[in-house]
Every structure is written in structure tokens, then in C-alpha cells.
Amino acid sequence: MLKMAGNLGIIEPSFFDYKEDFHLESGKLLKEFKIIYETYGSLNENKSNAILICHALSGNHHAAGYSKEDQDKAGWWNELIGPDKAFDTNKYFVVSLNNLGGCHGSSGPGFINPETGETYGKDFPLITVKDWVKSQNLLREYLGLDFWHAVAGGSLGGMQALQWAIDYDEYIKKSLVIAAAPKLSAQNIAFNEVARQAIVTDPNFDKGNFHPRRGLGLARMLGHITYLSEEMMKEKFGRDLKKEKYEYGFDVEFEVESYLRYQADAFSEKFNAHTYLLMTKALDYFDPSRDYENDLTKTLEKTNTDFLVLSFSSDWRFAPERSKEIVNALIASKKSVSYAEIKSSQGHDGFLFPDERYVKSIQTFLKNE
């Protein structure tokens, strides 16, 4: 039975087919591509209320409402997108897409390579945040929009919102950079590398169309740990056992072990391992200051976008200090920026949940002229 929470009902996706050469930052080329996207709310007469939502590592175009295929589980940001929510669909026309390299309908490793007639698999070219933003700008043109009222995203999505303001500030009025960082730390790159090694050393990785399920599951387990705070894990699992006493073996005994194995199995059923590799490398490569002498202040000097930067107190993957690096660079370059650190026990995943101050911050920023 269809759940109506969020009041958006079932959402039908749309497709944007780009039939021209698309040059990538790496120097490689996509001869064509397809992007799947969803929209929520209505575009106003003067086309001034469009908001682009950019997803994080394992996200996709289905951000709100329900899909025909799964009427029990709402989109990943359903708590924040809908009537009277943070991104109020009574006021705004919200667009959410699956990025290139994804595995939910946009061109990616699961697609057929038009030059070989074979599935791309590990041969799909590496994509960067700049490439995503460039393709999203083509989607903007396709939709007939002169500009976005705002571009928003959490984590890797927040990095895209920041890149938009740097590369296409003439087409974006507001940027919401949420639970993000101006570039990854060595520790973050290290986490991503361990995850990638779990995948590429899976015995099935090099066996044609075999899916390296075990490696992807291990990568997900590692990633998931970093998305939660210690406080949240303690509250959720503690040292609770599945049975009443120790078994003195290597099978699942603690509740947290059971949870992680479930996450690994569920994720490896629905996600593409090659997409996971691409997304983590896009994170690693992200560093917009590279084009501006490694100076973030200089990087942001030319943008005229207004910024809202939000961080979460218990996020240790992209800690509030990393968000403040962006804020300080914006202040140094004399740009308009609002900042809030949201008190949360959810860790990095805090950006997915509708804390009252978090929602109010977004609503106020979107409304201000």
C-alpha cells in the first residue's frame, strides 16, 4: 500500500539523452550519455524557483516520494524534500539526478559501451566532481532553466554544490554546502583506498561480468562505520549479543556484527562495485583550489553566489572544522556566507535527518533575497 508521508506519492523518473561528445577532466571522452532525474513541485512562470539536489556517494536520483518498484521505502532525502519541508515543494521546483558513473539509470559501468558493444564494467572512465557539474549544467540547459535558485547537497553532494559556485556562478544564486569539506584529508583518502582494495582484490573482480559482491560488502561495512558517531553506535548496539553467552567462534555474536553484515549484503545486492570505485576516486580527486595555486580563498574570489555551510557536531568523517575551512575562505574573499553547526548524535549521516534547526536554516536561507 502506498505511503503518503511527504505527500509526494509515486514519482516517475525522466531521462536526458546527450548525443554529443562529452570531454572529461581526465582527457577521456564519452561519446554520449544518459542522465536519469526526478522532479518535485512545479516550475513557476518566470522559471526562478528551481533547485538542484546533488547526491552523495551511494545516493541516486530518487530523493523523495516513492517509486513504482518500491512503495515501502521513500527517497533518500524524503524527510527534507516535500510540502512544507526544508526544500518546500509548494514553493520550489526540485530536481534530483543520478550522476554519471552511477548505477541507477544514468550512464555508468553497467551500460553498454557504444564503441565495443560490451558492458563498460571497469572500463567506464573516471569521473570527477567537475565533470558531474558540467553534465548537470547541460541538464539545466535541457530543462530550459536560465539559472538555479539553489544547488544543494550533503557530503559528496555538498562538494558539487561548492564546485557549481566556482565553475558556473552565473547560473546559480545560492549554494548549500552541507556536511562537506574543501578536499579530503589523508585519513579520508585512506578509508577510501581500503574500501577499493576490498573490491579489486575480490576474486570475482577480474572475471568479466561476475559481481565482486564480497569486496563491495566489505567496502560498505567500512564506509558505514565512518558515517556513524561512536555515541550513535553505543546507543544503537552497545555490546549486545545475539545470544545469551559467548560462542567463542568467528560467526556473528554481537549485534553490531549482525548489523554490518546485513548492510553489506543489502548494499552489494543493489549497488555496482565499479560505481563504488568511481565515486570514491571522485571524492579523492576533489580539490577545487588545485586550479588556483592551492589557495581556497583565491578559488572563491570570483563567485557571486550566496552560501549556506552546515556541519554536524558528531560528524568525524567531515568534521565541523573542515566546513569552517570553507567558511573562513569565503569570509576572507568577502563573500556572503551563513554557517551553522547542527548539534547531532548521528555522525556524518546527520545531514539525512530533519533536525529542527537544520530545517529552519535551509528554509530561511532559501527564502532570503
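Numbers below:
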{"quantity": "Given (1) acidic (Asp, Glu); (2) assigned to a loop (DSSP other than H, G, I, E, B); (3) closer than 24 Å to Glu170 by Cα, index of the condition Glu115 fails", "calculated": "(3)"}
{"quantity": "Residue list for segment 162-185, restricted to those being under 18 Å from the mean Cα position of the chain (by Cα) and assigned to a helix (DSSP H, G or I)", "calculated": "Leu162, Gln163, Trp164, Ala165"}
{"quantity": "Asp306 vs. criteria surrounded by fewer than 20 Cβ atoms within 10 Å (Cβ to Cβ) and either under 22 Å from the mean Cα position of the chain (by Cα) or without any contact (Cβ under 8 Å) to a residue 24 or more places away in the chain (or both)", "calculated": "no"}
{"quantity": "Counted residues, segment 108-139 - those being touching an Asp or Glu at 6+ places or on another chain (Cβ under 6 Å) and in contact (Cβ under 8 Å) with a residue 40 or more places away in the chain", "calculated": "3"}
{"quantity": "Output for segment 68-80, where each listed residue is farther than 15 Å from Thr364 by Cα, of a type outside the set (Phe, Trp, Tyr) and in contact (Cβ under 8 Å) with a residue 24 or more places away in the chain", "calculated": "Lys68, Gln71, Asp72, Ala74, Gly75, Asn78, Glu79"}
{"quantity": "Residue within segment 132-145 that is of a type outside the set (Phe, Trp, Tyr), on the phi > 0 side of the Ramachandran plot and in contact with a strand residue (DSSP E or B) (Cβ under 9 Å, 6 or more places away or on another chain) present", "calculated": "no"}
{"quantity": "Residue within segment 329-339 that is closer than 11 Å to Val177 by Cβ, buried (at least 16 other Cβ atoms within 10 Å of the Cβ), β-branched (Val, Ile, Thr) and more than 21 Å from the chain's Cα centre (by Cα) present", "calculated": "yes"}
{"quantity": "Condition met for Glu293 (in contact (Cβ under 8 Å) with a residue 12 or more places away in the chain and either of a type in the set (Asp, Glu) or closer than 30 Å to Thr364 by Cβ (or both))", "calculated": "no"}
{"quantity": "Residue count, segment 248-277 (criterion: touching a residue at least 60 places away in the same chain (Cβ under 8 Å) and touching a Phe, Trp or Tyr at 6+ places or on another chain (Cβ under 7 Å))", "calculated": "1"}
{"quantity": "Output for segment 309-328, where each listed residue is open to solvent by 10 Å² or more (accessible area, probe 1.4 Å), in contact (Cβ under 8 Å) with a residue 40 or more places away in the chain and either among the aliphatic types (A, V, I, L, M) or not in a loop (DSSP other than H, G, I, E, B) (or both)", "calculated": "Arg322, Glu325"}
{"quantity": "Of the criteria (1) of a type in the set (D, E, K, R); (2) open to solvent by 20 Å² or more (accessible area, probe 1.4 Å); (3) out of contact with any His (no Cβ under 8 Å at 6 or more places or on another chain), which one Lys173 fails", "calculated": "(3)"}
{"quantity": "Of all residues making up segment 345-366, the number that are touching a residue at least 60 places away in the same chain (Cβ under 8 Å) and either open to solvent by less than 70 Å² (accessible area, probe 1.4 Å) or of a type outside the set (A, V, I, L, M, F, W, C) (or both)", "calculated": "15"}
{"quantity": "Contacts under 8 angstrom Cβ, first residue in segment 7-26 being at positive phi, partner open to solvent by 40 Å² or more (accessible area, probe 1.4 Å) and among the hydrophobic types (A, V, I, L, M, F, W, C), 6 or more apart", "calculated": "Gly9/Leu2"}
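The values are calculated or read from the model by the stated rules, or taken from the named source; none is laboratory data. Remember, predicted model here, so these are calculated numbers, not experimental data. A quick note on method: Cβ atoms are made from the backbone with ideal geometry, for glycine too, and the neighbour counts reach across all protein chains shown. Please note that ligands, DNA and RNA were not included when accessible areas were found on the heavy atoms of the full protein model with its side chains. Shrake-Rupley method; radii C 1.70, N 1.55, O 1.52, S 1.80 Å.
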